[in-house]
Amino acid sequence: MTAGAVAYGFSRVTRDDFPILMRWMGEPHVARWWGDVYCELAALSHALDEPGFDAYLVHVEGRPFAYLQVTDPFADEDNPYRDQPRGSRGLDLYIGEASMTGRGHGPGLLSAMAERLFACGHPRLLIDPDPANRNAIRAYEKAGFRHHSVRRVVVNAGDVAVVLMTRDCNESR
């Protein structure tokens with residue numbers, strides 16, 4: 001997929017990719033926002049076999065540098081976003097390679113995946129950063145996501161506040 005002048009590739013995550021994910025999750029810029037590496041990898045290992053969950057390594061020029069997951073809120077009856085339009089997809093990501101941060105890749109790879117998901121007929125994309133993660137929020141805004149609401153959701157870390165941001169298929173950037 002291409003966003004601007006950068007061509008992004010997406011390959012499905014397998015358990016063989018866990019060493020690179022473990023390294024990335026140990027990086028300070030990732031560890032600050034994601035949970036314990038071993039808990040996250042155990043949850044990912046389980047989720048890889050679940051319907052409604054897709055995980056990708058994101059590549060530039062064949063080199064993996066980021067992780068992106070796409071979830072179906074309707075595949076899990078406890079998902080807090082089941083009030084969104086049916087067919088919506090939730091996104092979560094991090095740029096694992098520190099040298100690739102701050103270079104526009106967050107908005108770029110999100111826009112590339114948005115094109116792909118909208119082409120498959122998904123009406124809305126959701127992303128829910130921590131309210132304190134201003135860099136992520138700015139990146140998501142650049143990718144066309146708009147503030148929808150502030151919510152409290154239950155995740156592995158417990159009850160947390162998030163900024164729900166959405167991007168609809170029919171919205172222009």
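Taken together, A43, A66, A55 contain a single residue that is touching a residue at least 24 places away in the same chain (Cβ under 8 Å), more than 22 Å from A114 (Cβ to Cβ) and either among the small types (G, A, S) or surrounded by 17 or more Cβ atoms within 10 Å (Cβ to Cβ) (or both), which is A43.
So, of the residues in segment 128-154 that are in contact (Cβ under 8 Å) with a residue 40 or more places away in the chain and not in a loop (DSSP other than H, G, I, E, B), which turns out to be surrounded by the most Cβ atoms within 10 Å (Cβ to Cβ)? Residue satisfying both the conditions and the ranking: A136. Can D72 be described as more than 21 Å from E141 (Cβ to Cβ) and surrounded by 17 or more Cβ atoms within 10 Å (Cβ to Cβ)? Taking the combined requirement at face value, the residue satisfies it. Filtering segment 1-37 to residues that are surrounded by fewer than 11 Cβ atoms within 10 Å (Cβ to Cβ), modelled with pLDDT of 90 or more, over 19 Å from A136 (Cβ atoms) and over 15 Å from the mean Cα position of the chain (by Cα) leaves T14, D16, P19. Taking the listed residues R15, R32, the one that is closer than 19 Å to D128 by Cβ and of a type outside the set (A, V, I, L, M) is R32, with no other qualifying. Could you list all residues from segment 55-96 that are assigned to a strand (DSSP E or B) and out of contact with any strand residue (DSSP E or B) (no Cβ under 9 Å at 6 or more places or on another chain)? Residue satisfying the conditions is R63 alone. Take the residues in segment 97-123 that are more than 15 Å from the chain's Cα centre (by Cα), part of a helix (DSSP H, G or I) and free of Cβ contacts under 8 Å to residues at least 60 places away in the same chain; name whichever of them is farthest from A136 (Cα to Cα). Among those that are more than 15 Å from the chain's Cα centre (by Cα), part of a helix (DSSP H, G or I) and free of Cβ contacts under 8 Å to residues at least 60 places away in the same chain, it is A119.
The values are calculated or read from the model by the stated rules, or taken from the named source; none is laboratory data. Keep in mind that this is a model prediction, so the values were computed, not measured. We place every Cβ from the backbone using ideal geometry, glycine too, and count neighbours over all the protein chains shown.
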